[in-house]
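Colleague: There's a structure below that I have some questions on.
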Amino acid sequence: MKKKLLLAVCAVTAATAMTVGLAACNTGFSAKDAENKIKGFTSTPNTVSATFKQTYELKVNSNDASMKAFEKNIADTVTIEADYTAGNVYYYGKKVAKDNSVVEQLVVKEDNTYYYLTSTTVKKALADEAAAKAKIGELMTSLTKQTTGYVNSSAFVYSSDWVNTYLMLGSNTVKGNEKNYFTYKYDKTEGDGLKVDINMQYVGYYGDTGGTFEFGTDETHKGATASIETDSNGFITSFSQTLNNHLDMRITSTPTPLDLTGTRSLTATYNGAITKKAAADITQTLNNPTVTFGDVENVTYSVYDFASTSDMKKLNSGDSLAVGRKVAVMVGAFEEGYELDTITINGVEAYKFGPCYCYDVTEDDYNVELKVVVKVKSTDPNAPTVGTIVVNPVESCTVVIADFYNNTTKDNVTTVEIGHFLAVKVTCDSGYELVSVKVNNGTEEKDITSATYGSPYCCYSISAAGTYTVTVTVKLSD
C-alpha cells in the first residue's frame, strides 16, 4: 500500500483564523485590526533575497516495510534571489540537500529574450515576460516543496490564507471540535508590520489522489507552533515553524503511530540590489547521448549536430550530441536504380527541415540510433508518384490539406507527392476546439495532432503511393 504522502500541519480557514483563540490577545491589537491591516497587503516587491530551511524527520513506529517507506529525513537549505521589476524579470534558486547535492535554477533575460535552465535542463526560451514570471513560480515550488510545505512567488506577501497555503494545510477538512485546536494571536511589529503567532494541534496530509486526509494527535504532544512577521508592506520578513507531533495514520485499519519533529524557517529582505548570474554560471549535469549509424549500400549521406545552416557540426558514429539541438541527416547521391525509403532515428521517422531529415535531441535521450533505408527505384513509367488524400467529413471546423516540402506549402490539394508531407490545418468554429487529427494509410492509423513540423499544420510523411484518409475530431470548448 505504498503511497506518497505530503504531510502538513493544518490550520483553520481564514474566517476561523480571525475568530478562534483571540481572547488571549491582550495587546490592544484586535482581530479586526489585523484583518484591516492584511487587506492592505496588496503590493509586490521589486526584488527578493531569501533563505528557506527545512530540517525535520518523520518516523514510523512500525516493523511493516510498506509503512517504513513513509519515513522522511529532510535537511534542505534553499536560497532565492528574484527580481519582479517589469522588463527586468530574473530568478536564481539554489538548494543544498542533506547529502550535499546541489540543484540550481535560473530565469534570465539575454538579448531581449527570457530563458530558463536548471542543473539538469538545457537553456530554453520563454515566450514573454508573463511566461518568465509563471516559470519562476513553477521552479521555486519544485525547488522548495517537501512533505510539509513550500514557497513560491506569492509566498512573500502575507494574506488571510497564507498559513493555510504555505504551511501546506488544507483546512477544508477540519470539522467540528478540531477547529478548537488552533489559536491565533496578532500584534504589530516594530516598523508597523504584522506579527502572527499560531498554535496548531491538528495534522493532515495530501495524498496521491489530491485529497486531504486526517491524522489524530495525542494529549502529550501539542502539535506545532509557528511565528510569522511582516514589514509594513506585508512582505514576509521571517517565519519559523516547530513540528512536534505524535500522529496516528488513520488510513490503516489499526492506526500506525508516527512522529513528526523538526523545524522550518524563512528569512527574506526586499527591494535591495541583486548580483545577477548568466546562464554560463550555472553548473549543469546533462545526459551526453551519442549518435550511432553505419554505411548504407547504394547511397551516401552525412550526419550533423545542427541548430542552423550557420551552426552545424559534422558527426561521426559514436560522437556525443548537444542536447536541445537537432540530429540532421543530409542524403547525398544514390546509385542508379535506388531511392530513399525511410530515415528513422530512435525508431521515429525523421521530419523534413529544409534539405535535411531531422530529430530533436532531448534530455531523455541516452543514445540516438540512426537508420537510413533505401529501396529499388520503380522502373514503371506509369507508377504513381503521389498519395491520394481523402478527408472524412467533419462539422464545426474548416480543414485545409497542403503539400508541405522544404518549408513551403501548397494548400487545398487532393494529392501529395511521395517524399513530401501531408499537412493538415484545422480552424475550429467559435465554441469548438480541436481534439485530434489522425491519418490512416490503409494498414495503420497514426495520430499526428502534435506533429507540427510546419506549424500551424499537423504533418504526416507520404512515403508511398496509396490512399491516405484524414479524420479530424473536434469538441465543444470547455
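The values are calculated or read from the model by the stated rules, or taken from the named source; none is laboratory data. Note that the structure is a prediction, hence the values are computed from the model and not measured. In this analysis, Cβ positions are derived from the backbone assuming ideal geometry, glycine residues included, and neighbour counts consider all displayed protein chains.
Colleague: Can you pull out every residue in the stretch 72-97 that is in contact with an Asp or Glu (Cβ under 8 Å, 6 or more places away or on another chain), surrounded by 12 or more Cβ atoms within 10 Å (Cβ to Cβ) and not hydroxyl-bearing (Ser, Thr, Tyr)? Full working, then the answer.
Modeller: To start, the set of residues in the stretch 72-97 that are in contact with an Asp or Glu (Cβ under 8 Å, 6 or more places away or on another chain) comprises 72-74, 86-87, 89-97.
Then drop every residue that is not surrounded by 12 or more Cβ atoms within 10 Å (Cβ to Cβ), which leaves 72, 74, 89-97.
Lys72, Ile74, Val89, Gly93, Lys94, Lys95, Val96, Ala97 - these are the residues of the stretch 72-97 that are in contact with an Asp or Glu (Cβ under 8 Å, 6 or more places away or on another chain), surrounded by 12 or more Cβ atoms within 10 Å (Cβ to Cβ) and not hydroxyl-bearing (Ser, Thr, Tyr).
Colleague: Tell me, which strands (runs of 3 or more DSSP E) wholly within the stretch 250-355 include 3 or more residues that are among the aliphatic types (A, V, I, L, M) and surrounded by 15 or more Cβ atoms within 10 Å (Cβ to Cβ)? Let's see the steps before the verdict.
Modeller: Values: elements: 256-270, 290-292, 299-308, 311-315, 326-334, 338-345, 351-353.
Qualifying strands (runs of 3 or more DSSP E): 256-270, 326-334, 338-345.
Colleague: Now for a separate question. Every residue in the stretch 397-406 that is exposed (fewer than 14 other Cβ atoms within 10 Å of the Cβ) and either more than 30 Å from Thr427 (Cβ to Cβ) or at pLDDT 75 or above (or both), please.
Modeller: Matches in the stretch 397-406: Thr398 only.
Colleague: Which of the residues spanning the stretch 443-460 are under 20 Å from Pro384 (Cα atoms) and in contact with a strand residue (DSSP E or B) (Cβ under 6 Å, 6 or more places away or on another chain)? Before the answer, list the steps.
Modeller: Our first condition is that a residue be under 20 Å from Pro384 (Cα atoms); within the stretch 443-460, this holds for 443, 460.
Listed by number, the list holds a single entry, Tyr460.
Colleague: Looking at the structure I just gave you, is Ala383 in a loop (DSSP other than H, G, I, E, B) and surrounded by 15 or more Cβ atoms within 10 Å (Cβ to Cβ)? Explain how you work it out, then say what you get.
Modeller: Working: in a loop (DSSP other than H, G, I, E, B): yes; surrounded by 15 or more Cβ atoms within 10 Å (Cβ to Cβ): no.
No: the conditions fail for Ala383.
Colleague: Check every one of the strands (runs of 3 or more DSSP E) wholly within the stretch 392-478 and list those with 2 or more residues that are of a type in the set (Ser, Thr, Tyr). Don't jump to the end; show me each part of the working.
Modeller: On the way: elements: 397-405, 408-411, 415-417, 421-428, 432-440, 445-447, 458-461, 466-476.
Passing ranges, in order: 397-405, 408-411, 432-440, 458-461, 466-476.
Colleague: Tell me, yes or no, whether the stretch 154-163 has at least one residue that is at pLDDT 90 or above and part of a strand (DSSP E or B). First the steps, then the outcome.
Modeller: First pass over the stretch 154-163, keeping only residues at pLDDT 90 or above: 154-159.
Add one more test, that the residue is part of a strand (DSSP E or B), and what stays is 157.
So far as the stretch 154-163 goes, yes, one or more of its residues are at pLDDT 90 or above and part of a strand (DSSP E or B).
Colleague: Checking the conditions here, which among Lys59, Lys135, Lys145 is over 30 Å from Val323 (Cα atoms) and in the same structural domain as Lys37 (by TED's automatic domain parsing)? I'd like the intermediate steps shown before the answer.
Modeller: On the way: Lys135 fails: over 30 Å from Val323 (Cα atoms); Lys145 fails: over 30 Å from Val323 (Cα atoms).
Exactly one of Lys59, Lys135, Lys145 is over 30 Å from Val323 (Cα atoms) and in the same structural domain as Lys37 (by TED's automatic domain parsing), namely Lys59.
Colleague: Okay, moving on. Of the residues Ala322, Ala328, which single one is touching a strand residue (DSSP E or B) at 6+ places or on another chain (Cβ under 6 Å), of a type in the set (Gly, Ala, Ser) and farther than 30 Å from Lys94 by Cα? Break it down into steps so the answer makes sense when it comes.
Modeller: Values: Ala322 fails: farther than 30 Å from Lys94 by Cα.
None of the others qualify; the one that does is Ala328.
Colleague: Could you check, for the stretch 445-466, whether at least one of its residues is polar (S, T, N, Q), at pLDDT 90 or above and either crowded, with 18+ Cβ neighbours inside 10 Å or outside the structural domain of Glu349 (by TED's automatic domain parsing) (or both)?
Modeller: no
Colleague: Now for a different question. From the list Tyr206, Tyr301, which one is modelled with pLDDT under 95, outside the structural domain of Gly149 (by TED's automatic domain parsing), touching a Gly at 6+ places or on another chain (Cβ under 7 Å) and among the aromatic types (Phe, Trp, Tyr)? Break it down stepwise before answering.
Modeller: Numbers: Tyr206 fails: outside the structural domain of Gly149 (by TED's automatic domain parsing).
Result: Tyr301 is the single residue among Tyr206, Tyr301 that is modelled with pLDDT under 95, outside the structural domain of Gly149 (by TED's automatic domain parsing), touching a Gly at 6+ places or on another chain (Cβ under 7 Å) and among the aromatic types (Phe, Trp, Tyr).
Colleague: Sticking with this one: Looking only at the stretch 116-153, which residues are at pLDDT below 90 and among the basic types (Lys, Arg)?
Modeller: The answer is Lys123, Lys124, Lys145.
Colleague: Residues to consider are Gly442, Gly431; find the one that is outside the structural domain of Phe353 (by TED's automatic domain parsing), exposed (fewer than 15 other Cβ atoms within 10 Å of the Cβ) and under 21 Å from Glu349 (Cβ atoms). Steps first, please.
Modeller: Details: Gly431 fails: under 21 Å from Glu349 (Cβ atoms).
Only one candidate passes the filter, namely Gly442.
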